[in-house]
Amino acid sequence: MTDIQDLEKLEAEFATAIADAMDEATLEAVRVAALGKKGRVSELMKSLGGMSAEERKTAGPALNGLKDRLTDALATRKAALSEAKLEARLAEEKIDVTLPVRESPAEAGRIHPLSQVMDEVVAIFADMGFAVEQGPDIESDHYNFTSLNFPESHPAREMHDTFYFEPRADGSRLLLRTHTSPVQVRTMERGKPPFRFVCPGRTYRSDSDQTHTPQFHQIEGLVIDETTHMGHLKWVLEEFLRAFFEVEGVELRMRPSFFPFTEPSMEVDVRCARLGNEIRIGEGDDWLEILGCGMVHPNVLKSAGLDPEKYQGFAFGMGLDRIAMLKYGIPDLRAFFESDLRWLRHYGFSVLDVPSLAGGLSS
Ligand code: PHE
């Protein structure tokens, strides 16, 4: 027969095992060892049958009490373990809803103001029926100067501060194009009139200060047919400037100027107000030079193999960096080329805002 001390020892033993069980499987093994069919407590219960009535009187309640307490302890521990398991899972799956949402690449990326302005300008001219043409950055003296009616050793060649390459075997030197005008003759040579196109692209001159960088951007425009005159030129420029600056009252002024490849030649100013560092287009009493233009010189048409008695038209050239600075209030041109992310985040444009005349150019 088992005496009371033995039962107490057994109870203490199982109580410790229950408290030490750190997972449900271990706890279940303790339960089987105590209360399972062949468990220690179950075996003791079976021995009740072989006892005298007297013995059973004390052993019965003692064993039943032990069984009940162990059953309770097992249930309590089981509940605690499953609670802890749930807590652990919740802790692991926790999300902090106060954390900032990370932007998607399409939202975080920015379009450079210059790319934006190129897209805007092309959208406007495309709407007026202009095609888009391209030419090489590395040019010959012929296309950059001679075909455009720059006489040999004319001071206008020096005016451009040209970057030349080393002379070739025949003594001729390639150069980085100083303007987009060489694309005029290149494109006319390739096709047949009428012509109506723009050409945005990179241009180079040895020059550097707040408003000049050695590499900059221009857009050229050319219209050639049999009847195009200066009235058309003025209309196209007015339409363009109004659409580009997104103000109704853009006013322009044409001043006589000189370019070897146009005759007459003009410089175009827009009316503006200067308020400290700020320039407002379309108001005020100041004028700001914005582009060069003119009627294409007969010698340029001849260079391209066209008969100047039959064909005529206009050309214009505009600094894209300059109009980007004006439209978006960017004070220093050099920042365009510094790849400073802080600057780009401030002046850049959303990737998905594609400029169009119908949808708005810059909104
Ligand atoms: N190519 C000229 C420049 O770079 C601009 C221009 C283009 C002027 C076409 C007249 C006609 O300054």
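Select, from LYS37, LYS85, the only residue that is surrounded by fewer than 17 Cβ atoms within 10 Å (Cβ to Cβ) and not in a helix (DSSP H, G or I).
Values: LYS85 fails: not in a helix (DSSP H, G or I).
Answer to the check: LYS37.
Matching residues to (1) crowded, with 20+ Cβ neighbours inside 10 Å; (2) away from the ligand (no atom under 14 Å from the Cβ); (3) farther than 18 Å from THR187 by Cα:
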residue	(1), (2), (3)
MET266	yes, no, yes
ASN277	no, yes, yes
LEU301	yes, no, no
PHE314	yes, no, no
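Specify the residue that is farthest from HIS160 (Cα to Cα); the eligible residues are those in segment 260-275 that are in a strand (DSSP E or B) and either of a type in the set (Gly, Ala, Ser) or over 39 Å from the mean Cα position of the chain (by Cα) (or both).
Let us first name the residues in segment 260-275 that are in a strand (DSSP E or B), namely 262-275.
Pick out the ones that are also either of a type in the set (Gly, Ala, Ser) or over 39 Å from the mean Cα position of the chain (by Cα) (or both) and you get 262-265, 273.
Numbers: THR262: 16, GLU263: 19, PRO264: 20, SER265: 17, ALA273: 30 Å.
Only one residue fits best here, namely ALA273.
Within segment 329-339, track down each residue that is exposed (fewer than 12 other Cβ atoms within 10 Å of the Cβ), over 15 Å from GLY109 (Cβ atoms) and free of Cβ contacts under 8 Å to residues at least 24 places away in the same chain.
Selection gives GLU338 alone.
State which residue is farthest from the ligand (Cβ to nearest atom) when the search covers only segment 280-299 and only residues that are farther than 14 Å from VAL270 by Cβ and surrounded by 22 or more Cβ atoms within 10 Å (Cβ to Cβ). Talk me through it step by step, then tell me what you get.
Of all residues in segment 280-299, those farther than 14 Å from VAL270 by Cβ come to 294-299.
Filter again for surrounded by 22 or more Cβ atoms within 10 Å (Cβ to Cβ), leaving 294, 296.
On the way: GLY294: 5, VAL296: 8 Å.
Top of the filtered list is VAL296.
So which of ASP170, ASP161 is assigned by TED's automatic domain parsing to the domain that holds HIS229, farther than 19 Å from GLY317 by Cβ and not β-branched (Val, Ile, Thr)? Reasoning before the result, please.
Details: ASP161 fails: farther than 19 Å from GLY317 by Cβ.
Selected residue: ASP170, the only one of ASP170, ASP161 that is assigned by TED's automatic domain parsing to the domain that holds HIS229, farther than 19 Å from GLY317 by Cβ and not β-branched (Val, Ile, Thr).
Please identify the pairs in which a residue from segment 251-268 that is closer than 20 Å to ILE281 by Cα has its Cβ atom under 7 Å from the Cβ atom of a residue that is outside any strand (DSSP E or B), counting only partners at least 6 apart or on another chain.
Short answer, once both residue conditions are applied: GLU251/GLY282; LEU252/LEU237; LEU252/GLU238; LEU252/LEU241; VAL268/LEU237.
Does segment 184-205 hold any residues that are under 23 Å from ASP127 (Cα atoms), of a type in the set (Val, Ile, Thr) and buried (at least 23 other Cβ atoms within 10 Å of the Cβ), and which are they?
Within segment 184-205, just VAL198 meets the criteria.
Can you list residue pairs whose Cβ atoms sit under 8 Å apart, with the first residue in segment 340-363 being basic (Lys, Arg) and the second being surrounded by 10 or more Cβ atoms within 10 Å (Cβ to Cβ)? Count only pairs 6 or more apart in sequence or on different chains.
Between residues of segment 340-363 that are basic (Lys, Arg) and residues that are surrounded by 10 or more Cβ atoms within 10 Å (Cβ to Cβ), the close pairs are ARG345/ARG110.
Is it the case that some residue within segment 192-201 is more than 13 Å from the ligand (Cβ to nearest atom), without any contact (Cβ under 8 Å) to a residue 24 or more places away in the chain and either in the same structural domain as ASP127 (by TED's automatic domain parsing) or outside any helix (DSSP H, G or I) (or both)?
yes
For segment 294-338, which positions are part of a loop (DSSP other than H, G, I, E, B) and either over 20 Å from ASP207 (Cα atoms) or in contact with a strand residue (DSSP E or B) (Cβ under 8 Å, 6 or more places away or on another chain) (or both)? Quick ask: steps written out before the conclusion?
Narrowing segment 294-338 to residues part of a loop (DSSP other than H, G, I, E, B): 297, 304-311, 329-332, 338.
Matches in segment 294-338: HIS297, ALA304, GLY305, LEU306, ASP307, PRO308, GLU309, LYS310, TYR311, GLY329.
Find the helices (runs of 4 or more DSSP H) located wholly in segment 97-188 whose residues include 3 or more that are more than 16 Å from the ligand (Cβ to nearest atom), and list them.
Values: elements: 105-108, 113-127, 141-144, 155-159.
Because the criterion is at least 3 residues that are more than 16 Å from the ligand (Cβ to nearest atom), the helices (runs of 4 or more DSSP H) in segment 97-188 that meet it are 105-108, 113-127.
Among the residues of segment 228-250, is there at least one that is part of a strand (DSSP E or B), surrounded by 14 or more Cβ atoms within 10 Å (Cβ to Cβ) and within 11 Å of the ligand (Cβ to nearest atom)? Don't jump to the end; show me each part of the working.
At the first step, the residues of segment 228-250 found to be part of a strand (DSSP E or B) are none.
So far as segment 228-250 goes, no, none of its residues is part of a strand (DSSP E or B), surrounded by 14 or more Cβ atoms within 10 Å (Cβ to Cβ) and within 11 Å of the ligand (Cβ to nearest atom).
Within segment 106-132, can you find the residues that are loosely packed, with under 13 Cβ neighbours inside 10 Å and without any contact (Cβ under 8 Å) to a residue 12 or more places away in the chain?
Correct list: ALA108 only.
Looking at segment 202-221, which of its residues are out of contact with any Phe, Trp or Tyr (no Cβ under 6 Å at 6 or more places or on another chain) and assigned to a strand (DSSP E or B)?
The answer is ARG202, ASP209, HIS212, PHE216, HIS217, GLN218, ILE219, GLU220.
The values are calculated or read from the model by the stated rules, or taken from the named source; none is laboratory data. Treat the numbers as computed from the prediction; the structure is a model and nothing was measured. No Cβ is skipped: glycine too gets one built from the backbone with ideal geometry, and neighbour counts run over all protein chains shown.
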